[in-house]
Amino acid sequence: MQRIKTQVVRIDKDPSRWNGQIHEIEWAAKLLTEGRIGAFPTETVYGIGALAMDEMAVERIFEVKGRDKRNPLIVHVASIRQAIELTTEFNDTAMTLANEFWPGPLTMVLPKNPCIPGVTTAGLDTVGIRKPDNAIALELIRLAGPIAAPSANASSLPSGTTVRDIRKDLGGKIDFIIDGGSCVGIGLESTIIDLTSKVPTILREGGLPTKEIQALIGDVNLDPSITEGKAGDRPKAPGMMFKHYSPKYAKVIAFMHNGSRLQTLHMMDQRGEEIKNDGKKVVFIFSGQIPSRMRDRMKRFGEVCAFSDAWQLGKHLFKKYRDFDRTGTFILVEEAEDFGIGRAVNNRIRISAGGNIVEPPKY
Ligand code: TXA
Ligand code: MG
């Protein structure tokens, strides 16, 4: 692929401090309308966008990411009205959810309006739509039109949450990057809900906890790729078929909870010591604070990152994966408690670990 110049513009997250920066957004919007592609911040992760209606530009996104053509893109809108125009049936549930959770980390899968090119939705007759909660993204969409955007990372790697990471994966391949500061409110991708099935079905758990959706619309189903912890041959969200979220060089090992947290911590400590003795590098990532004596001990084996809760872990997980992504490094991650946002965090941890999941014996 021929390398091109990737222009970077810095824009404040807070629109009250934009002043002249609005011109930078206008500049980026103009590039999009001319068929260019570029990265922009959202509250979940950075996206790499093209106009959803521009077949050639959307094709380029697949190319620069190395993304499988069977994996549809989410279309980002700036209003409910825009979403309605992109679907043939924006049903009552969609309206209820949009009124409550948009702008926000919720993608709704709905019957697609034929005006959206097949390449954007990978030939499906549905489209995933969301209105992101980020002023820069919203202004860009308002000016340019609906934007198709996957997460801004090379396929299979952790989603891009900082400009440094995006440059690494996509620098020289995309036309621009809007630097809206290190992501992000959430740091994990949106929750995806399929509203074309009889009972709404969660296809991917994400930034909006499933229980909040249930509280509003009642029962929802979970796609088997979530309940069985692995993607089948034909998951409803095609993206679940492909390798995901994993660092390029470092290996992730996930440590589950089975009752006693202390037991999990001990297993991590033990494994860390073994890896260190084997001459490899160790990084511990914890989903909560750890006793100081334990921290001191583990520091002898490697780097220790302990987050205060699942939200904080989710916010920083992908960045940490990238910070420590080196050959011969093992990243040992403690899962969060499996409820609320912890469910989405654990999903990312398990998938990034591939089969390397340690489950303490039940007692
Ligand atoms: O938070 C997010 O969702 C971020 C930001 C940039 O909005 N985007 C994101 O896009 O995570 P991506 O492409 O990395 O993941 C999109 C997922 C894929 O698993 C894809 O298969 C699924 O959404 N998807 C998109 N359209 C779909 C559709 N019509 N039916 C089922 N799944 C769909
Ligand atoms: Mg992605």
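Read the figures in this text as sums done on the coordinates, not as results from a lab. For clarity, every value in this text was computed on a predicted model and none was experimentally measured. We place every Cβ from the backbone using ideal geometry, glycine too, and count neighbours over all the protein chains shown.
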Using a Förster distance of 22 Å, the FRET efficiency for Asn99-Asp338 (Cβ separation, nearest 0.05)
0.15
Equivalent-ellipsoid semi-axes of region 1-93, from the Cα gyration tensor, Å, largest first:
23, 22, 12
What's the exposure ranking of Thr162, Thr6, going from fewest to most Cβ atoms within 10 Å?
Thr6, Thr162
Per residue and in cubic angstrom, what volume does the convex hull of the Cα atoms of region 173-311 have?
200
If each residue's Cβ is checked for other Cβ atoms within 10 Å, how do Thr120, Thr227 rank with the fewest at the top?
Thr227, Thr120
From the backbone phi of region 147-160, what are the Karplus-calculated ³J(HN,Hα) couplings (6.51 cos²θ - 1.76 cosθ + 1.60, θ = phi - 60°) in whole Hz, Gly and Pro given as x?
10, 7, 8, x, 4, 8, 7, 5, 3, 6, 8, x, 4, x
With each label point set 7 Å from Cα along the Cα-Cβ vector, what nm distance links Lys211 and Ser16?
3.3
Please compute the alpha carbon radius of gyration of region 251-358, then divide it by the globular-protein estimate 2.2 N^0.38 Å. Two decimals is fine.
0.96
Within 12 Å, Cβ to Cβ, of Gly172, how many net charges do the neighbouring residues add up to if Lys/Arg are +1 and Asp/Glu are -1?
+3
Can you spot the lysines whose alpha carbon is less than 22 Å from Lys69's alpha carbon? Ignore those fewer than 8 places along the same chain.
Lys112, Lys173, Lys230, Lys236, Lys243, Lys248
Working out 0.36 nm times the residue gap between Glu26 and Asp219, then minus their Cα-Cα distance, what length gain in nm do you get to one decimal?
65.2 nm
Stokes-Einstein, Kirkwood over Cα pairs, the chain, 20 °C, 1.002 mPa s; D in µm²/s equals 102
With the alpha-carbon atoms as the only input, what is the per residue convex hull volume for region 50-93 in Å³?
99
If you wrap a convex hull around the Cα atoms of region 137-216, how much volume per residue is inside, in Å³?
138
Just to confirm the number: angle between the C-alpha axis of helix 341-352 and the first principal axis of the chain, 0 to 90 degrees, nearest 10?
80
Report the normalised scattering of region 65-196 as log10 I(q)/I(0) at q = 0.17, 0.20 Å⁻¹, calculated by the Debye formula with identical scatterers on the alpha carbons.
-0.95, -1.28
Run the dipole for the chain about the Cα centre, Lys and Arg Cβ at +1, Asp and Glu Cβ at -1, nothing else charged, and hand back the magnitude in debye, nearest 20.
1300
